Amino acid sequence: MKIIQRKLQQQHCEISHSSRFRGDLLNDVIEKLALYSIQNAVINETTKVIHLNQQEWVASKSQMLSMVQVINDMDELNEFLKSAGSRLVVVEFSAKWCGPCKTVGPIFQAMSLKYQNVMFANVDVDSSKELTQLCQIRAVPTFQMFKHSQKVSLFSRLKRTLCCLGSGMEAWKIFEFHGADVNKLESKIQELM
């Protein structure tokens, strides 16, 4: 751990996150950095600095690891969902110019290391306009949850419990929300796992 701290402290400062939630989550990530090899992880090319509880942790572009898959089109998304099987999949739709996306991005990546039984993906809405339209994205950041290659909805959760609901039952969108509310994101992940 001390070797990682020394390496991290030798780089430049750029992004600061100070809330207790972010600090705890990012501490988990730093502890797990030693456990992951580059062969098993995708390199995050954006996050450079993290401030935690008056301690400075700095990661160069190639040092912060995450398990977030970048998705560019519908074929890639379908393949990713298929490979997930019965595991929960969380897809973040974001944009490089979006302030809230920049805030929640490092935390989303940290969650990918914390919840290893959940699969995480990111879609850049500007690079993947067709996929953005097909997924009906109206705002960024938007998070969508999938299980068994389908969006998680109230109906999909209830049909495991209830056999016949009759016609007229509509799927209510609890699988999707907008905004950079990391507490809501984490609670939704925990609820749907």
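Each value in this text was obtained by applying a stated rule to the coordinates, not by laboratory testing. This structure is a prediction, so every number in the text was calculated from the model and none was measured. Neighbour counts run over all protein chains shown; Cβ positions are idealised from the backbone, glycine included.
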Compute the signed sum of charges (Lys and Arg +1, Asp and Glu -1) over the other residues within less than 11 Å, Cβ to Cβ, of Ser127. -2
What list of ³J(HN,Hα) values in whole Hz, one per residue of region 79-85 in order, does the Karplus curve 6.51 cos²θ - 1.76 cosθ + 1.60 (θ = phi - 60°) give from phi, with Gly and Pro shown as x? 5, 5, 5, 5, 5, 6, x
Can you pick out the pairs among Lys102/Lys129; Lys96/Lys188; Lys151/Lys184; Lys129/Lys184; Lys147/Lys184 whose Cα atoms lie more than 21 Å from each other? Lys96/Lys188; Lys129/Lys184
